[in-house]
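The values are calculated or read from the model by the stated rules, or taken from the named source; none is laboratory data. Quick caveat: nothing in here was measured; it's all calculated off a predicted structure. Every residue, glycine as well, gets a Cβ built from its backbone with ideal geometry; the counts of neighbours run over all protein chains shown. Side chains are part of the model used for accessible areas, which takes the heavy atoms of the whole protein and leaves out ligands, DNA and RNA. Shrake-Rupley method; radii C 1.70, N 1.55, O 1.52, S 1.80 Å.
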Amino acid sequence: MITQLKYFMNRMIDKQTNFVGKLKFQSSADGTTWTDVFTADTYLKEGWNTYSPSSALSSQYYRFFSATKNACQVGEIQMYGNVVENTSATSKVCDVVLIAPGGQIQTFSSQVTYADSASSVVTDVSPRYGSYKGGETVTFTGTGFSATSSEASVTIDGIT
């Protein structure tokens, strides 16, 4: 879910002609049918722009789009929000991908099933932010965790 979008506009030559009413940010559930989330208006400026939706955006696909040649000159995009999984399913079947030394790849389709009843659920992570120096204790709250601490591990930024 996206709660805020920041986007950096490079050189904007003739803003009114090339961007206003033409540059659109769109969302889609299937990557085929697109819905306009917002269209650039006269407040658009060179540099960083921010869009905060009134409610979180929760589509599968997002894009900047324009039918005109010069409107999609977006230099950088930052999206803020949460990663969510569709919770209406009670289980999920996944492929296993094996990558051998030398880069050979073998995929075994539909070999693992994750069931909600057997999965842990994280409901909170505290603190949400820490010092750049590190060293904070991070607490995960939720359900379905093993009572045996050796059966669980957490890796943050490559550190276990």
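Residue check, Gln26 against (1) of a type in the set (S, T, N, Q); (2) under 23 Å from Asn82 (Cβ atoms); (3) crowded, with 17+ Cβ neighbours inside 10 Å; (4) out of contact with any strand residue (DSSP E or B) (no Cβ under 9 Å at 6 or more places or on another chain), all met but one. Which one?
Exception for Gln26: condition (4).
Restricting to the range 102-123, name every residue that is part of a strand (DSSP E or B) and open to solvent by 60 Å² or more (accessible area, probe 1.4 Å).
Ile105, Gln106, Thr107, Phe108, Ser109, Ser110, Gln111, Thr113, Tyr114, Val121, Val122, Thr123 - these are the residues of the range 102-123 that are part of a strand (DSSP E or B) and open to solvent by 60 Å² or more (accessible area, probe 1.4 Å).
Somewhere in the range 86-101, is a residue at pLDDT below 80, closer than 25 Å to Met1 by Cα, assigned to a helix (DSSP H, G or I) and out of contact with any Lys or Arg (no Cβ under 6 Å at 6 or more places or on another chain)?
For the range 86-101, residues at pLDDT below 80, closer than 25 Å to Met1 by Cα, assigned to a helix (DSSP H, G or I) and out of contact with any Lys or Arg (no Cβ under 6 Å at 6 or more places or on another chain): absent.
Please work out if Thr50 is closer than 30 Å to Asn18 by Cα and among the polar types (S, T, N, Q).
When the stated conditions are applied, Thr50 passes them.
May I ask you to say which residue of Phe145, Phe140 is surrounded by 10 or more Cβ atoms within 10 Å (Cβ to Cβ) and part of a strand (DSSP E or B)?
Phe140
Quick one: which residue in Val20, Val37 is aliphatic (A, V, I, L, M) and in a strand (DSSP E or B)?
Only one candidate passes the filter, namely Val37.
For a quick check of your reading of the model, give me the residue pairs whose first member lies in the range 58-85 and is among the β-branched types (Val, Ile, Thr) and exposed (fewer than 14 other Cβ atoms within 10 Å of the Cβ), whose second is assigned to a loop (DSSP other than H, G, I, E, B) and modelled with pLDDT of 85 or more, with beta-carbon atoms closer than 6 Å and at least 6 apart or on different chains.
Pairs found: Thr68/Lys22.
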